[in-house]
Amino acid sequence: MRKKLYLLCAVLLLASGPTFAKTVDTDNDGIRDRKDACPSTPVGSKVDRVGCPVDSDADGVPNGVDRCSRTPARTPVDDQGCPTDTDDDGITDAADTCASTPAGAKVDAKGCPWDSDGDLILEGLDRCSGTPMSHRVDGFGCPVDSDHDGVNDSIDRCADSSTRETVDAEGCRVMANPVFSEGVDRVRLEGVTFEKNKIELPAESAAFVADAAAALMDHPDVRVEIAVHTDRAGSAAVNRELSQRRAEWVKSYLVALGIEESRLVAKGYGERGPIKERAVELVKIS
């Protein structure tokens with residue numbers, strides 16, 4: 001035990017002696033403390049002969065720590081010695097005359113954003129960069145069309161158009177052509193036909209019925225018979241019943257589109273009548 005105590009005392013005496021003091025390098029910069037004029041140099045810094053940090057570009061960040069050691073004088077830098085870009089637009093703060101550019105906006109060589117179509121939405125953020133200046137836009141710079149009729153709100157004189165309506169350049173509904181022309185009181189609905197033994201119209205045919213509904217809507221004084229014909233396949237009785245059910249379906253469809261039921265009569269002709277095939281006609285009722 002005494003031997004260990006003597007050994008510890010000897011080590012302490014040696015460490016406090018002049019020989020040990022000559023070898024101490026507190027900041028581990030390669031310059032011993034007795035010759036180090038800057039004994040608290042940051043770790044990793046390059047130092048001169050007297051132990052002081054070298055800062056070749058005078059930006060306040062020592063060489064060795066400085067990742068951008070050729071920064072121009074008076075350029076603001078971060079703690080790694082690199083030029084700062086506060087708004088992250090690719091233009092350093094020292095050259096940026098618009099230092100608060102919104103994220104994502106495109107900028108010029110001076111760091112300033114621009115708005116090519118004058119809608120107050122900056123390039124880079126504007127998803128519709130060719131919008132006319134007179135148009136209202138949303139937060140993405142795209143024209144606002146509240147009633148979805150294809151006409152921008154700023155020039156839409158009829159802002160409550162239905163999506164089914166045809167509109168003019170000012171967003172107002174265009175009147176449909178009349179169902180019947182002078183001297184014509186029977187019109188075949190082209191494109192409207194039923195599949196074999198089916199009651200409901202396929203989607204592509206239903207669209208033509210919707211066009212007929214628009215015409216009837218614009219000419220409310222007209223009453224029509226919905227005349228449905230079948231081909232000659234099957235018995236006459238079955239075909240007559242099938243055509244009547246089809247006529248009722250078309251009538252219901254027109255009513256659902258806004259046509260008053262009192263203006264419509266459903267009539268199934270089966271394989272009788274002027275048309276000997278699967279077809280739908282509108283016949284004017286006097």
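Each reported figure results from applying straightforward, stated rules to the coordinates on display, with no laboratory input. All values reported here derive from a predicted model rather than from experimental measurement. Glycine gets a Cβ as well: all are built from the backbone with ideal geometry, and neighbour counts include every protein chain shown.
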Practice item. Quantify how much of the Cα-Cα distance distribution of the chain extends past 28 Å, in percent. Key: 68 percent
Practice item. Sum up the charges of everything whose Cβ sits under 9 Å from the Cβ of E281, counting Lys and Arg as +1 and Asp and Glu as -1, but leave E281 out. Key: +1
Exercise for review: Please determine, in degrees from 0 to 90 and to the nearest 10, the orientation of helix 236-256 with respect to the longest principal axis defined by the Cα atoms of the chain, where the helix direction is its Cα long axis.
Suggested key: 50 degrees
**Study point:** Simple label model, 7 Å out from Cα along Cβ direction - M175 to A73, nm
**Key:** 8.2 nm
Check your understanding: Residue by residue, what Karplus-based ³J(HN,Hα) values in Hz, rounded to whole numbers, does the range 47-59 have, using 6.51, -1.76 and 1.60 with θ = phi - 60° and x for Gly and Pro?
Key -> 10, 8, 5, 9, x, 9, x, 9, 10, 5, 9, 6, 9
Point to revise | Backbone N under 17 Å from the T163 label point (7 Å along Cα→Cβ), restricted to the range 246-273 | key: 257-258
Practice item. Convert each backbone phi in the range 278-286 into a coupling constant with the Karplus relation 6.51 cos²θ - 1.76 cosθ + 1.60 (shift: θ = phi - 60°), then list the ³J(HN,Hα) values in order as whole Hz, x for Gly and Pro. Key: 5, 7, 10, 10, 10, 10, 5, 9, 5
Review point. Can you give me the Cα centroid spacing of the range 76-146 and the range 204-227 in angstrom?
Key: 52 Å
Check your understanding: Tell me, what is the percent relative contact order of the chain, built from C-alpha pairs under 8 Å that lie six or more residues apart?
Key -> 9 percent
Study note, to complete from the structure: Counting lysine pairs in the chain that sit 8 or more positions apart or on different chains, with Cα atoms under 19 Å apart, gives 11
Check your understanding: If amide H atoms are built 1.01 Å from N in the plane of the peptide, which residues on other chains or at least 5 residues away come under 5 Å of the amide H of V137?
Key -> V144
Practice item. Equivalent ellipsoid semi-axes for the range 186-285, as square roots of 5 times the alpha carbon gyration tensor eigenvalues: give them largest first, rounded to whole Å. Key: 22, 13, 11
Check your understanding: HN-Hα J couplings of the range 119-131 from phi, Karplus 6.51/-1.76/1.60, θ = phi - 60°, integer Hz, Gly and Pro as x?
Key -> 9, 6, 10, 6, 4, x, 10, 7, 7, 10, 6, x, 5
